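Reading through the structure tokens given below for one structure.
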Amino acid sequence: MAEAQRVHAAELFDQERSSAEIARMLGVSEESVRRWRRVWEEGSADGLRWRPATGRPPKLDDAQVERVQIALEQGAQGHGFEADLWTLERVGLVVERVTEVSLSKASVWRLLTGRLGWSLQRPERRAAERDESEIARWIAHEWPRIKKGR
């Protein structure tokens, strides 16, 4: 989608349209259009095409990520942890056991959210003594009585 917008913008640059007009037509900011125009003026429309991300490659390849996913699906207790709850530290330990690669907490987070598609989930804190039927009875009978007293 973004590449298509940039390529379309290049066609509009050829038509000598203003940055403001192109921004309105494509639904992007004028600053983006001005940045694209500079790239276009320096190197043509090819400079606006998609390029792979630069930077350091990930520490784990796809096969290692697959092994980590299989290991995590076994649950935290399956890896010797007392509670069946994943934390960044626990996931980091499992990653290290499975792949022999040590990751920082930030890298573990990127692995979980970016490559595995997991999301942050926090367990509900509820009293062990919680009695749902008693709560329902109180809401149905006691709460209206208390509310009337106002």
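Looking only at residues in the stretch 99-112 that are open to solvent by 50 Å² or more (accessible area, probe 1.4 Å) and of a type in the set (Ser, Thr, Tyr), which one is farthest from THR87 (Cα to Cα)? Across the stretch 99-112, the extreme among qualifying residues is SER102.
Starting from the stretch 62-81, take each residue that is open to solvent by 90 Å² or more (accessible area, probe 1.4 Å) and list its partners that are at pLDDT 95 or above and hydroxyl-bearing (Ser, Thr, Tyr), counting only C-beta distances under 8 angstrom and pairs at least six apart or across chains. What qualifies is ARG67/THR99. If you filter the stretch 113-150 down to residues that are surrounded by 10 or more Cβ atoms within 10 Å (Cβ to Cβ) and under 35 Å from the mean Cα position of the chain (by Cα), you find that the one that is nearest to ILE70 (Cα to Cα) is LEU116. When ARG24, ARG34, ARG38 are checked against the criterion of being among the basic types (Lys, Arg), exposed (fewer than 12 other Cβ atoms within 10 Å of the Cβ), part of a helix (DSSP H, G or I) and out of contact with any Asp or Glu (no Cβ under 8 Å at 6 or more places or on another chain), a single residue qualifies: ARG38.
Which residue is surrounded by the fewest Cβ atoms within 10 Å (Cβ to Cβ), if the candidates are limited to the stretch 82-98 and must be of a type in the set (D, E, K, R) and within 25 Å of ARG125 (Cβ to Cβ)? Applying the filter and picking the extreme gives GLU82.
The values are calculated or read from the model by the stated rules, or taken from the named source; none is laboratory data. Just so it is clear, the model here is predicted, and its values are computed rather than measured. No Cβ is skipped: glycine too gets one built from the backbone with ideal geometry, and neighbour counts run over all protein chains shown. For the accessible areas, the whole protein counts, side chains as well, though only heavy atoms, and no ligand, DNA or RNA atoms are used. Shrake-Rupley method; radii C 1.70, N 1.55, O 1.52, S 1.80 Å.
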